[in-house]
1. Would you be able to tell me the number of residues in the range 45-70 that are touching a residue at least 60 places away in the same chain (Cβ under 8 Å) and over 11 Å from residue 123 (Cβ atoms)?
2. For the range 305-326, give me the residue count where each residue is modelled with pLDDT of 90 or more and either part of a strand (DSSP E or B) or open to solvent by less than 40 Å² (accessible area, probe 1.4 Å) (or both).
3. Can you find, within the range 16-59, the residue that is nearest to residue 102 (Cα to Cα) among those that are open to solvent by 60 Å² or more (accessible area, probe 1.4 Å) and of a type in the set (Lys, Arg)?
4. Please specify each residue of the range 333-361 satisfying the condition of being among the small types (Gly, Ala, Ser) and under 15 Å from residue 413 (Cβ atoms).
5. Just name the residue that is nearest to residue 235 (Cα to Cα) out of those in the range 247-267 that are open to solvent by less than 80 Å² (accessible area, probe 1.4 Å) and assigned to a loop (DSSP other than H, G, I, E, B).
6. What about residue 196, is it assigned to a helix (DSSP H, G or I) and either within 30 Å of residue 70 (Cβ to Cβ) or of a type outside the set (D, E, K, R) (or both)?
7. Which one of the conditions (1) open to solvent by 40 Å² or more (accessible area, probe 1.4 Å); (2) at pLDDT 85 or above; (3) of a type in the set (Gly, Ala, Ser); (4) part of a helix (DSSP H, G or I) does residue 293 fail to meet, given that it meets all the rest?
8. If only one of 139, 178, 130 is under 30 Å from residue 54 (Cβ atoms) and surrounded by 11 or more Cβ atoms within 10 Å (Cβ to Cβ), which one is it?
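The values are calculated or read from the model by the stated rules, or taken from the named source; none is laboratory data. Note that the structure is predicted; figures quoted are calculated from it, not measured. Note: ideal-geometry Cβ built from the backbone for every residue, glycine included; neighbour counts use all protein chains shown. These area figures cover heavy atoms from the full protein model, side chains too; ligands, DNA and RNA do not enter into them. Shrake-Rupley method; radii C 1.70, N 1.55, O 1.52, S 1.80 Å.
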Amino acid sequence: MTVVLIAAGWLLYTRERTALQGGLDDELQARVHAVAPYIRRNPRLARIPDTLTLDPEEGFFLVLTRRGAVVNAFPKGHPAPVGLSPQQLDRTSDEGLLLTRAFPGIGPARVFVQPIARGGRGYLLIGALSFSDIDDALSRLTRVLLVVLPVGVAGTTLVGWLLAGLALRPVERMRRESEAIAEEELGRRLQVPATGDELARLATTMNSMLDRVEAAVEHERRLVDLTSHELRTPLGVARAEAALALARRRTRAELEQALRIVAARLDWMSRLSDDLLVLARSERGRVPVRRTAIDLRALLEGSCEAWRGQAGERGIDVTLTVAEGLEVEVDSDRVRQAVGNLLDNALRHTPPGGRVRLGASVAGPALRIEVEDSGPGFDPEVLPGAFRPYVRGNGEAAGSGAGLGLAIVQAVAEAHGGAAVAENVPGGGARVTVTMPVT
C-alpha cells in the first residue's frame with residue numbers, strides 16, 4: 001500500500017504540474033496576443049493598458065528586432081535578457097515559440113515569442129510569466145501529500161490488519177480446536193462453517209484427516225490388545241508346561257510331551273508374528289515378493305501334512321486336488337503362509353467329522369487356489385468384510401486366533417498382483433478362492 005500510495009501521489013503531482021503548466025502557457029499566449037495589436041501600431045513607442053501590464057515579479061513584455069535589440073519593454077526599463085541568440089530569434093516561425101528560461105527577479109519563467117510585422121520590418125514580441133504561482137500550488141500540494149500519504153498508509157495498514165484478523169479468525173479457531181484434540185478424545189471434530197468457501201473445505205479436509213488418524217490409532221490399539229490377548233494363552237501354557245517339567249523328575253516320554261506342547265505354542269506365536277509383519281507391510285503397500293519356480297503340488301502337499309495331525313484329532317478329512325508336475329513362479333513362503341491360514345480358518349469352522357478340500361489349478365497365466373469346508377459358512381453380516389483385519393463371526397475369529405488370517409491371505413494375493421474372494425457354498429460350507437498371475 002505504501003508503494004501504491006506513493007505512486008498515486010506522484011501521478012497526481014505530475015498531472016497537476018502538467019495541467020498548471022498548460023494553463024500557464026494558455027494564459028501567456030492569450031496575454032501576448034492581447035498586447036500584439038498595440039505593438040503593431042508603433043513597436044518603439046507603443047503603450048499598453050494597465051490591465052495588460054504585468055507586475056515586475058510576475059513577468060514582463062519585450063519588443064525586439066530580429067537581431068535581438070530591445071526596442072520597448074513593459075514594465076518600462078525592464079532589463080531582463082532574453083537568453084536567445086540572434087539566429088534563434090531569426091528562425092522564430094509565425095506560430096510563435098514556447099520555451100522556459102530563468103530571469104533575475106522572477107526566477108524560472110515560461111516565455112512565448114510572437115513575430116510581429118510593422119512597416120515592412122519584423123519585430124518579436126516576447127512575453128514571460130513566472131512559475132512562482134505554479135511553484136506555490138505544487139508546494140501546497142506536496143505538503144498535503146506529505147500529510148495524507150502517511151495517514152493513508154497507516155489507515156490502510158490498520159484496515160488491512162483488521163481485515164486479515166477477521167479473515168484468519170476462523171483459521172485460528174481451527175488451530176485451537178485442533179490443538180485441543182488430545183489422544184483421549186480423537187472422536188472430536190472441527191466445526192465446519194456453512195460458508196462453502198476455502199475455510200469450509202479446509203475444515204472438511206482436516207476432519208477427514210482426523211478420521212484417518214483416529215482409525216489408525218484405533219487400529220494400533222486393537223492390534224496391541226488382540227496381540228496381547230492371543231499371546232497370553234500360549235505363553236501361559238508354555239510357562240506352565242515348563243514349570244511342571246521342572247517341578248519333579250520326569251520320564252523321557254513326559255519331557256518329550258512337554259517339549260512338544262511348548263514347541264507347538266512357540267510355532268503358533270511365530271506364525272502370529274509373521275502374520276502381523278505381513279499385515280503391517282501390506283498396509284504400507286510394500287509386501288516383498290520373491291518369485292521362484294516351485295512344484296505347486298509339493299508345496300500344497302506340505303501345507304496339508306502340517307495340518308492333517310490337528311484335523312485327524314477331530315476326525316476331519318483333508319483332501320488335496322492338484323495336477324502332478326505343475327510348476328509356477330511365486331513367492332513360496334508367502335503362498336505357504338496364505339494356504340496355512342486358509343486351512344487353519346477352515347479347520348477352525350468345520351465340525352468334527354467334516355471335510356476340508358484344498359484344490360489348485362493353472363489356467364493360462366493365472367494360478368487359482370481354493371479351500372472349501374463343510375462348516376456353517378460365513379455370517380451374512382461378516383461376509384462383505386471377511387478380509388478386514390480382526391473380523392470375527394460365529395463367535396470365532398475370521399482367520400487366525402487374532403482375526404488376521406483372511407487379511408493375510410488377501411495381502412499375499414494382492415502382493416502377487418491377484419485377489420481373494422470369500423463366498424458361501426450352496427448347501428452349507430464356505431469357500432475362499434485366491435487368484436494370482438504366474439509366469
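1. If we filter the range 45-70 for residues that are touching a residue at least 60 places away in the same chain (Cβ under 8 Å), which is where we start, we get 54, 57-64.
Narrowing further to those that are over 11 Å from residue 123 (Cβ atoms): 54, 57-61.
The total comes to 6.
2. Qualifying residue count for the region: 7.
3. Only one residue tops the list, namely 17.
4. At the first step, the residues of the range 333-361 found to be among the small types (Gly, Ala, Ser) are 338, 340, 346, 353-354, 359-361.
If the condition is that a residue be among the small types (Gly, Ala, Ser) and under 15 Å from residue 413 (Cβ atoms), then 338, 340, 360 are the ones that fit.
5. Step by step, filter the range 247-267, then rank; the result is 250.
6. Numbers: assigned to a helix (DSSP H, G or I): no; either within 30 Å of residue 70 (Cβ to Cβ) or of a type outside the set (D, E, K, R) (or both): yes.
Taking the combined requirement at face value, the residue does not satisfy it.
7. All conditions are met except number (4).
8. Values: 139 fails: surrounded by 11 or more Cβ atoms within 10 Å (Cβ to Cβ); 178 fails: under 30 Å from residue 54 (Cβ atoms).
Answer to the check: 130.
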